[in-house]
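Peer 1: Mind looking over this structure? Questions follow.
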Amino acid sequence: MESEFSTKKLYPKMRTYAAVIVRGEEDQGVRLWAFGKTVYQNLLNIMLDPDYGDISDVMTGRDILIERQTPAEAGNQYGKTTIRVKPNQTALTEDKTLLESLFNDQVEITELYPEPSYDDLKVALQNYLNPSEEEESG
């Protein structure tokens with residue numbers, strides 16, 4: 001019997017990662033924030049708007065408030081993330097030592113999410129296209 005599968009699952013999904021500092025938790029360092037296409041487009045529109053200026057500047061940038069709704073709250077399968085750029089320009093920190101640490105002690109994304117090898121991807125695709133009987137019963 002032929003295996004039935006949806007090719008839609010094989011399409012790449014846009015995921016963007018940004019280095020962020022959480023206000024009030026600066027001592028925890030730079031974190032990676034992962035978000036999808038909609039948030040990416042919203043941020044890009046804000047960054048391209050000359051009225052906002054460079055929101056990522058460490059001295060004259062702007063804070064971004066992130067509001068996350070669970071799937072149940074949003075009434076959909078994934079939930080909803082909205083962003084709001086604060087109107088006031090604020091420095092990332094006044095502490096020079098902390099600022100240097102934030103720039104110099106960032107984790108490489110490939111340390112958190114190792115890139116799979118060609119062979120790993122090939123095996124994963126083969127397993128998806130030809131699942132074992134054990135996987136089908138589970």
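The values are calculated or read from the model by the stated rules, or taken from the named source; none is laboratory data. Bear in mind the structure is a predicted one, so any value in this text is a computation, not a measurement. Note that each Cβ is placed from the backbone with ideal geometry, even for glycine, and that neighbours are counted across all protein chains shown. Calculation scope for accessible area: heavy atoms of the full protein, side chains included, ligands and nucleic acids excluded. Shrake-Rupley method; radii C 1.70, N 1.55, O 1.52, S 1.80 Å.
Peer 1: Taking only protein heavy atoms and a 1.4 Å probe, what accessible area per residue, in Å², does the chain have with all protein chains in place? Spell out each step's value before the answer.
Peer 2: On the way: 11270 Å² over 138 residues.
Spelled out: the 1.4 Å probe surface of the chain, per residue, equals 82 Å².
Peer 1: Oh, and also: So which GluC sites (Glu not before Pro) in region 1-55 end up in coil per DSSP with only 12 or fewer other C-beta atoms within 10 Å? The partial results should precede the final answer.
Peer 2: On the way: sites: GLU2, GLU4, GLU25, GLU26; in loops: GLU2, GLU4, GLU25.
Passing both the DSSP loop test and the Cβ count: GLU2, GLU4, GLU25.
Peer 1: Compute the orientation-averaged projected area for region 20-112 from the convex hull of its Cα atoms and round it to one decimal in nm².
Peer 2: Values: hull surface 29.6 nm².
Averaged projected area of region 20-112's Cα convex hull equals 7.4 nm².
Peer 1: Looking at region 49-138, which chymotrypsin sites (Phe, Trp or Tyr not before Pro) are in a loop (DSSP not H, G, I, E or B) and have at most 14 other Cβ atoms within 10 Å? Don't skip to the end; give the middle numbers.
Peer 2: On the way: sites: TYR52, TYR78, PHE103, TYR118, TYR128; in loops: TYR52, TYR78.
Sparse-neighbourhood loop chymotrypsin sites (Phe, Trp or Tyr not before Pro): TYR78.
Peer 1: Normalised by the number of residues in region 23-138, what is the relative contact order in percent for Cα pairs under 8 Å and 6+ residues apart?
Peer 2: 22 percent
Peer 1: I've got another one for you. Provide the per-residue ³J(HN,Hα) series for region 35-42, in order, calculated from phi with Karplus coefficients 6.51, -1.76, 1.60 and θ = phi - 60°, each as a whole number of Hz, with x at glycine and proline positions.
Peer 2: Going residue by residue, I get 8, x, 4, 5, 5, 4, 5, 4 Hz, with x marking Gly and Pro.
Peer 1: Then there's this: Given R₀ = 30 Å, FRET efficiency for ALA19-ASP95 by Cβ-Cβ distance, to 0.05?
Peer 2: Working: r = 18 Å, r/R0 = 0.60.
Working from the Cβ atoms, E equals 0.95.
Peer 1: A follow-up question, please. Any idea how far the Cα center of region 51-85 sits from the one of region 8-24, in Å?
Peer 2: Spelled out, the Cα-based centre of one part sits 13 Å from the other.
Peer 1: Using a simple charge model, +1 on the beta-carbon of Lys and Arg, -1 on the beta-carbon of Asp and Glu, nothing else, what dipole does the chain show about its Cα centre, in debye to the nearest 20? Numbers along the way, then the final one.
Peer 2: Values: 14 positive and 25 negative charges, 143 e Å.
Result for the chain is approximately 680 debye, rounded to the nearest 20.
Peer 1: If you keep only loop residues by DSSP, which GluC sites (Glu not before Pro) in region 62-135 have at most 10 other Cβ atoms within 10 Å of their Cβ? All intermediate terms of the calculation are to be shown ahead of the outcome.
Peer 2: Working: sites: GLU67, GLU73, GLU94, GLU100, GLU108, GLU111, GLU133, GLU134, GLU135; in loops: GLU94, GLU108.
Sites meeting the loop and neighbour criteria: GLU94, GLU108.
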